[in-house]
């Protein structure tokens, strides 16, 4: 029997519980993503009935969507949008100026002239200028545009929305009220549309533990040492496995209520799994779960290698379901292709939609070819049913795509609809027809998540550990009140469930930051305080102080993929997740002169990026040497390396190292030349598609494809300043900028 290549997309739709225990909504993201991301994703899919997919709706998200649909949720942003501008107080105006541009500039603000005009005023003239000069009309337009820009382009042909977009400015309170009504109309359709498409068989809807807790950490925080044995743990061990069935039961019951059927699939929060949680999941009645390829690799003691373009060398291990045996029956588990999921989540938004769609299809075709080469007759169709799982966040990535991903999805779906060799299926469809034939012993399942196969994103950092200690303390207080059951004191338990969610720990400490870190901190402490309040217990003073101590300056590592536009502007949103090295200061020649203030660096699947901020007014060829040279090597790969092709280099580390690649940049003309080291310490010129721009800063993008290296390589990069090939200075001092090829 021949088979197409089966592909299962799983879109994970999730927001934490922004609703405090007093009923107040603190942040607007359920409402804004509700008008931009949840409904359109399945409406686009509905146009292509041959294509089947899986969507995961987290219970805490559905609860909040229903509140907004009913008009019972008013967040601070919405309250301001519905306030007459004449009544705005000074602190409210400051909040609007600070937060009503939240959103990716290039896709949500720049395309709309009036919104962009107000943004440029804030960026170029400053927030204080806006406070002193903006009229009531300026505020009204900004309040309107912050809500309009978050309405998905799929709905722009709606007569009212079309009228507002053409109007562009001079919005009044009545306009803003009608925009809010339109938001509610869209949000009301989300859950019914998912139910409709599941009922006709095009969609499978799955669920997640109630408030998105990390189940392995609820069972025992010590499990985090499975992946990182030396991890520093919280002072108090959190070990409450009895909370796991509570989260699963509440998710199960809500699903039954919304969809009139039992769920089959469970997306474990953050794809975090461990042997201890499996019996609870199977006992509740779930049939399958999903996790990441890193977890599979750890479980079967196999590291997945990829070729230069990112395709797995061992596809027969990754692209199949596995069976997990438990005391309550078998569970199936599928493991996502991490790279393909990341390409959609973090990279394709920076590409032309047609090119991105073709690239994704090309990867799937390459997987099919690779699998064919492993069968007895590679010239025939696939002889076995293989399943490629692509699973990712279904909301945040589209903010970086043209028209919220519509052109990309249409291009990709059009190609797939005509392709007989690739078939999109729901996970349950595949498992019902082709149950897993390979078993992973439950005790061998690795304890980890989608992030590096570990749990370090949510525990181990001093701030994260402090939050776990606060949670453990509150959980013990609740246990000390056995009379407070879920039936007679639901307030205490709902507050606990909210505090056990993963999102608070995601934002605490190093690794992730947002424009709302303080509010996430406050929400977490509000949920904990509500536990004490519901028990008539004293609220600890520690809950009145922020969990996190924040530092906005200083060096930091990259926090996520970045996709900057290389125009020399240095847009703050483009680089807000980049690594940063402070250069200006009191060390070394460069530092004393402070010509270079700081260096930003980061990468995505297409390029690695550098940005240098110079002292204001610095000009190359006058105050600054006219050439900048990038020199780099991979310390873990055996390859030809050569001394830097520059004169006058001091004989000291790291200038006297041998390098494999060299990119020269003329800062005056912004022209580049690229060289690769060969045998006998020779340099050979190569073509390069590197981009360089300098206006307010220097921005550089170097394609990974220029380097001909495999994924997961580590590059050590040095930045050298020179005049006509003669060394002048280098940075950063006594260290390299380190890039990790994805």
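Distance between the C-alpha centers of the range 456-535 and the range 183-216? Whole Å please. Value for the Cα centre distance between the two parts: 25 Å. Note on residue 519 and residue 726: their simple-model spin labels are 5.6 nm apart, each label 7 Å out from Cα toward Cβ. Length gained on full extension, residue 479 to residue 636, computed as 0.36 nm times the residue gap minus the Cα-Cα distance: 51.4 nm. Placing a label point 7 Å from the Cα of residue 597 along the Cα-to-Cβ line, the residues of the range 110-140 whose backbone N sits under 14 Å from it are 124. When 538, 381 are sorted by how many other C-beta atoms sit within 10 angstrom of their C-beta, beginning with the fewest, the order is 538, 381. The Rg/Rh ratio for the range 579-740 is 0.93, where Rg is the radius of gyration of the alpha carbons and Rh is the Kirkwood radius. For the chain, the Kirkwood hydrodynamic radius comes to 27.8 Å, computed from all pairs of different C-alpha atoms. Taking 25 Å as R0, compute the FRET efficiency from the Cβ-Cβ separation of residue 131 and residue 165 and round it to 0.05. Efficiency, from the Cβ-Cβ distance: 0.35. The order of 51, 266, going from fewest to most other C-beta atoms within 10 Å of their C-beta, is 51, 266.
Between the beta carbons of residue 658 and residue 619, assuming R0 = 30 Å, the FRET efficiency works out to 0.35 to the nearest 0.05. Computed on the chain, with alpha-carbon pairs under 8 angstrom and 6+ residues apart, the relative contact order is 14 percent. Stretched out straight at 0.36 nm per residue, the stretch from residue 235 to residue 261 would grow longer than its current Cα-Cα span by 5.1 nm.
Shape class of the range 598-670 from the alpha-carbon gyration tensor: oblate, with a/c at 1.5 or above and b/c at least as large as a/b.
Panel order for 182, 169, 444, by other beta carbons found within 10 Å of each beta carbon, from fewest to most: 444, 169, 182.
Please identify which residues in the range 630-648 have an amide N closer than 19 Å to a label point set 7 Å out from the Cα of residue 686, following the Cα→Cβ vector. Under cut-off, by backbone N: 630-646. Plainly put, the range 70-190 has a radius of gyration that is 0.95 times its Kirkwood radius, both from alpha-carbon atoms, as the Rg/Rh ratio.
A simple spin-label model places pseudo-atoms 7 Å from Cα toward Cβ; at residue 313 and residue 414 they are separated by 3.8 nm. Placing pseudo-labels 7 Å out from each Cα toward the beta carbon at residue 383 and residue 567 gives an inter-label distance of 5.5 nm. For the range 70-190, the relative contact order works out to 33 percent when only alpha carbon pairs closer than 8 Å and six or more residues apart are counted. If you plug the beta carbon distance of residue 678 and residue 306 into 1/(1 + (r/R0)^6) with R0 = 25 Å, you get a FRET efficiency near 0.45. When only Cα pairs under 8 Å and 6 or more residues apart are kept, what is the percent relative contact order across the range 401-546? Averaging sequence separation for qualifying contacts and normalising by length gives 20 percent for the range 401-546.
Among beta bridges from DSSP that stay inside the chain, the antiparallel ones total about 70%.
Taking the average, over residues, of other Cβ atoms within 10 Å as the packing measure, peptides 89-96, 62-69 rank 62-69, 89-96 from highest down. Our estimate of slack between residue 47 and residue 374, defined as 0.36 nm per intervening residue step minus the Cα-Cα distance, is 114.2 nm.
Here, each number is a calculation from the coordinates, and none is a lab measurement. Values in this document were obtained by computation on a predicted structure and should not be read as measured data. Heads up, the Cβs are rebuilt from the backbone with ideal geometry, glycines too, and the neighbour counts pull from every protein chain shown.
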